[in-house]
Amino acid sequence: MTSESSSPTASKAELEALLRLSFSQGITANIVLDGIDEFPRSYAPLEFLRELAALSGLHILLISRPNIEYLQEHIDSSQRIIFDAKTAHHDIRCYLHREIQRLYGRHCLHNQEGTPAVVDHIVYVSNGVFLWASLMIEYLSSPALTPTERVKAIWEVELPEGLETMYDRIFCLIAKSRRPERDLAERVFMLLQSARSPFTDYELHEALAFSSSNRQSEPVRLHRHSASAIILSCGGLVEKKNHATAFPNSSGYRFIHLSVVEFPNSVNAGIPEELRSSQVDRNLHIASLFIRYLTTYTLSKPFSGRLGIATTSDRLNSDLPFFGYTGRQWFNHTYDAIFIAS
C-alpha cells in the first residue's frame, strides 16, 4: 500500500516489517534459497530468516555447500540433509538412460546394446554433478558431430572433470559450426553477458532480429522455431525459462549457470578468440544497437501506426517489444563502456 507521499518501492525495513506481520497472522509459505555459499560476507538476511522461521506456518529450505560457518553454528544437525556425489547418481542415471536412448533413436549413436556401459561411464565421470551430465548430453546432441565422434567424446573422458573443461569443449564446437549458427551464438552471448536486467522472450528475439537486419529500418523477424535455434546454436549453454504468469511475453532466455557468464573471458579458457569479447566491447556494441533501434526503427513511424491516433501500452509492447529495455538502458550501457574504458 502506498500513499501520495510514500515511495512505490518499499524499503528493506518496511519489507521486513510486512513479512513479520504477515507470518504472525498465520500465513503459510515455503521459502527456498539456493546458493547460500555465494552470499556476501554479511549474513544479516539469514538472521532475519531465522527470526521468521520461529513463526508458525513458515518453512525455509537453504541449499548450500557445507563449508559455511554460519550454517554450521546455527542449523542443528537434525535439520540438515547432506547430499554427496553418490546421492545424485540415481537421478543422473535415470536422466542419462532416457537421453542416451533418445540419441540411439535419432541414430546419433550406434550399437544400442552398449547403453548400460555408456550410462555407467558418464555417471562415473560426472562425479555427481547433474549439470555436467546434462551438458555432455547437449554436446553429444550437436548435429556437427558424427556417431564416431560422439563415441570418442564419451570414452575419452576417463576421470571426473570440472565444468570448465566441458565449457571449453562446447565453445570449441560452436566455433566449428556453420557461420549462421556461429553468428547467432555470438550475438546471443553478447546480449546475455551484458544484460542489466533479464531479457524477456520477445525482447531477445527483437534484439536478435534487429542486430541481423543489416541497418534496415524494418528488422527481419525470426521464424517460429527460433527458440530451438538459439538453444542449439549456443550448445545448450542457454536455456529458455518459462515463468508461471499471466503475461505471455514474460518468459525469457538465460545462461544455464552463472559460471557460463564468467568463463569466456577467464584466463585459462581455451575457447576461440572470436567467441571472446571484452566488457567494453559488449557495452559499446549493445549501446550502438539500442541507439540505432531507437533512431532508425522506433522513430520511423507513429507509435500507433497512423498520425493523430494515440497508442496503448499493449500495442506499444506488441509492435516494439524492445522499446522498453532500450529506452531504460541505452544510456547505462554507454556510460559503462566509457567508464570501464577510462
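The table that follows gives values for the structure above.
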quantity: Length gained when the stretch E14-D314 is fully extended (0.36 nm per residue, less Cα-Cα span); calculated: 104.8 nm
quantity: Accessible area per residue in Å² at 1.4 Å probe, computed on region 63-181; calculated: 60 Å²
quantity: Per-residue HN-Hα couplings for region 65-72 [Karplus 6.51, -1.76, 1.60; θ = phi - 60°; Hz; x = Gly/Pro]; calculated: 5, x, 9, 9, 4, 4, 5, 4
quantity: Length-normalised contact order of region 67-143 in % [C-alpha pairs under 8 Å, at least 6 apart]; calculated: 37 percent
quantity: Karplus-derived HN-Hα couplings along region 128-145 (A = 6.51, B = -1.76, C = 1.60, θ = phi - 60°), whole Hz, x at Gly and Pro; calculated: x, 9, 4, 4, 4, 4, 5, 5, 4, 5, 4, 5, 5, 7, 4, x, 6, 9
quantity: Extent along principal axes [Cα atoms of region 48-180; Å; largest to smallest]; calculated: 57, 36, 29
quantity: Separation of the S278 and S197 label points, Cα + 7 Å toward Cβ, nm; calculated: 2.9 nm
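The values are calculated or read from the model by the stated rules, or taken from the named source; none is laboratory data. It should be emphasised that the depicted structure is a prediction, and the values quoted were computed from it without experimental measurement. All Cβ positions, even for glycine, are placed from backbone atoms using ideal geometry, and neighbour counts span all protein chains on display. Note: areas computed on protein heavy atoms with side chains; ligands, DNA, RNA excluded. Shrake-Rupley method; radii C 1.70, N 1.55, O 1.52, S 1.80 Å.
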